[in-house]
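Values quoted throughout were computed directly from the atomic coordinates according to the rules given, and no laboratory measurement underlies them. In this text the structure is predicted, and so the values were computed from the model without any measurement. Quick reminder, even Gly has a Cβ in these numbers, built from the backbone with ideal geometry, and neighbours come from all protein chains shown.
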Amino acid sequence: MNSPRWVEYLLILLLMCAGKALFAQERLDDLRSQAVPADARKSVGNPSHSRKAEPGFVLIAPDRGFLGNREIKDVYEPFSREYRARLVFISLARDYEEAVRQKLKETIGDLREQGAEAIVMLPLLLSEADPHRQKAKALLESLAEPLPFAPSMAEDYLTAQILEDRARALSQTPAKERLVVIGSGAMSFEEAEAMRKDLVRVAESVTGRLGFRETTAVVLFHPAAPDDILHEGNRKAAEAIRAAASGSLRPVVIPFHLGSKHTASMHLGRRIESILKGLPAAYDGREVLPHPNALLWLKKTANPWVRPERDELGVVVMPHGAGEYVNEPILEAIAPLRQRYRLEVAFGMADVDALQEAVDKLESQGAKRILVLRLYNLSLTLKEETEYVLGLSSDSAALGHHAAHGGPGTPARVRTGALLSTAGGFDADPLIAEVLFQRVMEISREPEKETVILLAHGEGSEQRNRFWLEQMEAHAQYIRAKTANRFREVRVATLREDWPEKREKAIAELREMVAKASRDGGKALIVSNRLSGPGPARRYLHGLDYVLNDQGIAPHPNLTRWIEKEIEHWIAGLKGKS
């Protein structure tokens, strides 16, 4: 007999009071589970999978055999805990074509059943020319499923970092070495050449960072290739490998592929070892996998398709910083924002270690997109350096103090699965002009006798220094307007302190400016137009009569507002792209 639900609850509570707690709790849990829809129960413990309008991802990977596929699963499984994803191994053997087709069909249907608004193919493949990618596309066409494909691994610098790590572990004197990169998987000579070019592009970026004398890439053929192509292609590839591993340059050989790896004795590495036998090659057999960047690449490749929640956004504020008494006011201005945003601070000049630490913290908290906000006077300051370090630009020729034209010593790049952006620089923002106005009024006593001088760090480049002066002139105009031109003058200057050949002239001009302001009973009011602190102004103005407000911009509510405004502008832009 069916009893009313409230009667069952009452009996349960009585049983619990009578010491039958275990049975009662089990029945109570059972009743509660019945009240929760099945679809909702599936998403418990995985909030990202319960979100509406979430895409589905099909990770396609080469069927490598037992050990190789286990390496791929080790990448896929943590990814699938954060994203709605499925894994399909693509076999190039004709015997399994129908099985792969059916697997793709079932996987796509399953993702749609789970509510995926769109489905994206993520190719865990090194090259756009890889035949596994072409096979997957052909099978999808046969299923009338023209799904979008994300770029393959060679398109991202995270993959080059894997190769760099492998090469760095074996290299001794790069200037006397040749980097030899061995790929695999081609089914035709055309595919082999296209795949080789992708490997060369990845390898050359590593050569640029480590300084290898030469770079060579060779591609072996897939066992499923036609017999005549397989034998001839592998014969020529073996000859090319042996030639590259010979000669006066020490060969550093990296098997950079996702080739067959069934057991410890049955894998492509054994073939490569036989090719290198008797040659003086630096070789340890370490392939693309396993490596942490593979999972980072997978997340980074998926994230453009995901509309992030607000708590999946992170911010790294990057001021220059210095000692404690310079940093403390900056941190004070930033502190109120920690209540509203996932936020970290990375002091320095696009320092990759500081940025990596901050990005790691944010990513560990679930951030999928991260803004690096440059807290500097100018939008131009460290823009190129930051973009390069974040992987937003491949142009290492404009890195200034970091490196010279991409040669050895080019800075490393941040390793992350999050999507990175950068913005910043006050320029002529009225919020900052208001701060400078207040700093002037804090030391002003008789405006009619006073000359205000806004004093900044300056740049080495004439063009950039001129741009800085133009931005400060806008601040000066703001001060003139706020005071109805009561000051004798409002002027701007830069010290150009990091460039000795230009600093001397800048200091002479500044000293003359201060001396002129002191004539006829006048007074020079100098305001430090820096984020924090006075800089070296006192040292350069020794012996002159002036009043200095050395506080700088921080801390001030307007600085906090400026940071918040930039963050919200970034967030609004993300919404516009979704």
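Roughly how many Å is it from the Cα centre of region 539-555 to that of region 437-452, as a whole number?
13
Please list the non-local residues whose amide H lies under 5 Å from the amide H of residue 494, H modeled 1.01 Å from N, same-chain partners needing a gap of 5 or more.
Hits under the 5 Å cutoff: 456.
Would you mind checking the tilt of helix 5-17 against the longest principal axis of the Cα atoms of the chain, expressed as 0 to 90 degrees and rounded to 10?
Roughly 80 degrees, rounded to the nearest 10.
Of the listed peptides 386-395, 543-552, what is their order by residue-averaged count of other C-beta atoms within 10 Å, with the highest listed first? Present the calculation step by step, with values, prior to reporting the outcome.
Numbers: 386-395: 18.9, 543-552: 16.2.
The densest-packed peptide leads the list: 386-395, 543-552.
Residue 484 versus residue 248, label points 7 Å from Cα toward the beta carbon: distance in nm?
8.2
Using 7 Å Cα-to-Cβ label points, what is the residue 565/residue 173 separation (nm, one decimal)?
About 5.8 nm, to one decimal.
Using a 10 Å cut-off around each Cβ, can you sort 569, 267, 542 from fewest to most neighbouring Cβ atoms?
Going from least to most buried by this count: 542, 569, 267.
Quick check: Cα centre of region 56-109 to Cα centre of region 275-299, how many Å?
After rounding, the separation between the Cα centres reads 22 Å.
Report the calculated FRET efficiency for residue 228 and residue 99 (r = Cβ-Cβ distance, R0 = 25 Å), to the nearest 0.05. The partial results should precede the final answer.
Working: r = 27 Å, r/R0 = 1.07.
Efficiency at R0 = 25 Å is approximately 0.40.
Classify region 430-549 from the C-alpha gyration tensor, please: rounded if a/c falls under 1.5, else prolate or oblate depending on whether a/b exceeds b/c.
Verdict is oblate for region 430-549.
Quick one: what are the phi-derived ³J(HN,Hα) couplings along region 476-492, Karplus 6.51/-1.76/1.60 with θ = phi - 60°, whole Hz, x for glycine and proline?
3J(HN,Hα) across region 476-492, in whole Hz: 4, 5, 4, 5, 4, 5, 5, 9, 6, 6, 6, 6, 4, 8, 10, 10, 10.
Is the C-alpha gyration tensor of the chain telling us rounded, prolate or oblate? Criteria: a/c under 1.5 is rounded; beyond that, a/b larger than b/c is prolate, otherwise oblate.
Values: a/c = 3.03, a/b = 1.42, b/c = 2.13.
The shape class here is oblate.
Enter the Cα centre distance for the pair region 411-432 and region 323-391, rounded to the nearest angstrom.
A separation of 8 Å, based on Cα centres.
Helix 97-113 versus the longest principal axis of the chain: what is the Cα-based angle in degrees, 0 to 90, to the nearest 10?
Approximately 50 degrees, to the nearest 10.
With everything on Cα atoms, drop me the angle between helix 131-142 and the longest principal axis of the chain, reported from 0 to 90° to the nearest 10.
It is inclined by approximately 70 degrees.
Residue separation times 0.36 nm, minus the C-alpha to C-alpha distance between residue 311 and residue 516: what's the value?
Residue separation times 0.36 nm, minus the Cα-Cα distance, leaves 68.3 nm.
List the residues, sorted by chain then number, that are 5 or more residues from residue 288 or on another chain and whose placed amide H is less than 5 Å from its amide H.
It is 257, by chain and number.
Students often check this: by mean Cβ neighbours within 10 Å, which of 227-238, 353-364 ranks highest, and how do the rest follow?
Details: 227-238: 15.1, 353-364: 17.9.
Most protected by this proxy first, the peptides run 353-364, 227-238.
Quick one: which of 172-183, 187-198, 251-262 comes out on top by average Cβ neighbours within 10 Å, and what's the full order, highest first?
Packing proxy ranking, top to bottom: 251-262, 172-183, 187-198.
In nanometres, what is the gap between the two model label sites at residue 201 and residue 394, each 7 Å from Cα along Cα-to-Cβ?
0.6
Suppose a student asked you for the relative contact order of the chain, using Cα pairs under 8 Å spaced at least 6 residues apart; what percent would you report?
Relative CO of the chain lands at 10 percent.
Past the 22 Å Cα-Cα mark, which pairs from 103/135; 73/277; 299/575; 135/261; 236/277; 197/383?
Checking Cα-Cα distances, 73/277; 197/383 exceed 22 Å.
Given a Förster distance of 30 angstrom, what is the FRET efficiency for residue 324 paired with residue 73, based on the Cβ-Cβ distance and rounded to 0.05?
After rounding to 0.05, the efficiency reads 0.05.
Just want the ordering: 95, 427, from fewest to most Cβ atoms lying within 10 Å of their own Cβ.
Placing the least packed residue first, the sequence is 95, 427.
Karplus couplings for region 66-72 from phi (6.51 cos²θ - 1.76 cosθ + 1.60, θ = phi - 60°), rounded to Hz, Gly and Pro as x?
My calculation for region 66-72 gives 4, 5, x, 5, 5, 4, 5 Hz in order.
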